[in-house]
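The values are calculated or read from the model by the stated rules, or taken from the named source; none is laboratory data. These numbers were taken from a predicted model, which means no experiment stands behind them. Neighbour counts are summed over all protein chains in view; Cβ atoms, including those assigned to glycine, are modelled from backbone coordinates with ideal geometry. When the accessible area is computed, the model is the full protein with side chains, heavy atoms only, and any ligands, DNA or RNA have been set aside. Shrake-Rupley method; radii C 1.70, N 1.55, O 1.52, S 1.80 Å.
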Amino acid sequence: MLEKHAEVGPKTCAGGLTVKTMRELEALGLPRGATLRSVGHVAFAGGRAVALDAEATVVHTIPRRDLGHFQLEWARAAGADVRTGSPVTTIDLSARTVTVAGTPIRWSHLIGADGADSAVRRALGLPSPREYFAAEYNVPGIRLEPLRVECDPAELANGYFWVFPHARYTSLGVVAPKHLVAPSALRRYLDRRLGALHVARGSVPFEGATIEIEYRGCHFPHGVHLVGDAAGVVSSLTAEGIYGAIVTGEEVARRILDARAPAPKTASWLRTKRRHDVLARWLARPGPRRWTVGTLARLAAQPALRRPLANWFLRP
């Protein structure tokens, strides 16, 4: 396993694990005490954020550094040779060879799990628009509650603002399509929201990253495969990416071991993603966005409709 960074794990991410994601990670060995459990709330059109469902909207938060360390332990325990600080400089598809520090390494199968800015995806010649931008501050020593996402259609288009409490800090961030809200505008918006919440960030660094949402497949010629953000399986509506990364990683690996292996979790998630993508495109237009967000706010105000609404957004 070639990791270009010196450390496995850290990245711009709210670090939220949905119920379906926790099932996958606990099966791999994630200890319960590693996360902070919260009930997620949502505000569709201003006003008070509400919990759609006390079970379906549970979110566990974990720093991406901690999650990466667990994943690294699991990989090494399974026999992986993990090489950090090892960026790939060239990828030769026809020769099935990558070059690292001047040394060629041949592959039988190459799995591109290298994020939104995927070198493997580029080598395949696939478009990589990385249409969404996410930004956050991780402010230590505070725990803002409740965990919530807030739609702001006037300023964030079909994106949202988030507050995700962790055990030792709170992640406050925003995400939106770059063609609708410029990253610089997202940063100004985020700074204003911190000010309104009386959060002094001090020397906390601003973090930002692009997100790839364009899915073009997982399996390609020359034994090449894409998973997770590199494959573009992130939801363009909720920006949920960890679940898609885990299930595509697992089921691509199973397909390598057995060409007839099914991929039911990937197929189910891609159906959910397509549904999300349709709504995200609809919300990209100002008129439909105002009507839809208002409608969602009215639905969320009806207790009997909250669980179906939560399941529509969060089920796998």
Can you confirm whether residue 261 is assigned to a loop (DSSP other than H, G, I, E, B), hydrophobic (A, V, I, L, M, F, W, C), free of Cβ contacts under 8 Å to residues at least 40 places away in the same chain and over 24 Å from residue 123 (Cβ atoms)? yes
Hey, could you check the range 158-179 for residues that are open to solvent by less than 10 Å² (accessible area, probe 1.4 Å) and not in a strand (DSSP E or B) and say which is nearest to residue 198 (Cα to Cα)? 166
Selection from the range 1-49 of residues closer than 15 Å to residue 69 by Cα, part of a loop (DSSP other than H, G, I, E, B) and open to solvent by 50 Å² or more (accessible area, probe 1.4 Å) yields 1, 5, 6, 7, 10, 11, 31
Could you identify the single residue in 259, 230, 239, 245 that is open to solvent by 10 Å² or more (accessible area, probe 1.4 Å), among the small types (Gly, Ala, Ser) and in contact with a helix residue (DSSP H, G or I) (Cβ under 6 Å, 6 or more places away or on another chain)? 245
If you scan the range 246-258, which residues turn out to be under 18 Å from the mean Cα position of the chain (by Cα) and of a type in the set (A, V, I, L, M, F, W, C)? 246, 247
Of the residues in the range 16-69 that are of a type in the set (Lys, Arg) and modelled with pLDDT of 95 or more, the one that is nearest to residue 145 (Cα to Cα) is 37
Out of the residues in the range 71-122 that are aliphatic (A, V, I, L, M), touching a residue at least 40 places away in the same chain (Cβ under 8 Å) and outside any strand (DSSP E or B), which is farthest from residue 30 (Cα to Cα)? 93
Any hit, the range 129-150, residues being outside any strand (DSSP E or B), open to solvent by 40 Å² or more (accessible area, probe 1.4 Å) and in contact with a helix residue (DSSP H, G or I) (Cβ under 8 Å, 6 or more places away or on another chain): no
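Per-residue answers, yes or no, for (1) of a type outside the set (Lys, Arg); (2) within 20 Å of the chain's Cα centre (by Cα):
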| position | (1), (2) |
| --- | --- |
| 236 | yes, yes |
| 242 | yes, yes |
| 260 | no, no |
| 266 | yes, yes |
| 273 | no, yes |
| 285 | no, no |
| 300 | yes, no |
| 316 | yes, yes |
Inside the range 224-256, can you point out the residues that are assigned to a helix (DSSP H, G or I) and charged (D, E, K, R)? 229, 250, 251, 254, 255
I'm trying to understand the selection: among the residues of the range 180-201, which are open to solvent by 20 Å² or more (accessible area, probe 1.4 Å), of a type outside the set (A, V, I, L, M) and on the phi < 0 side of the Ramachandran plot? 183, 184, 187, 188, 191, 192, 193, 195, 201
Is it the case, given these coordinates, that residue 315 is modelled with pLDDT under 95 and among the basic types (Lys, Arg)? yes
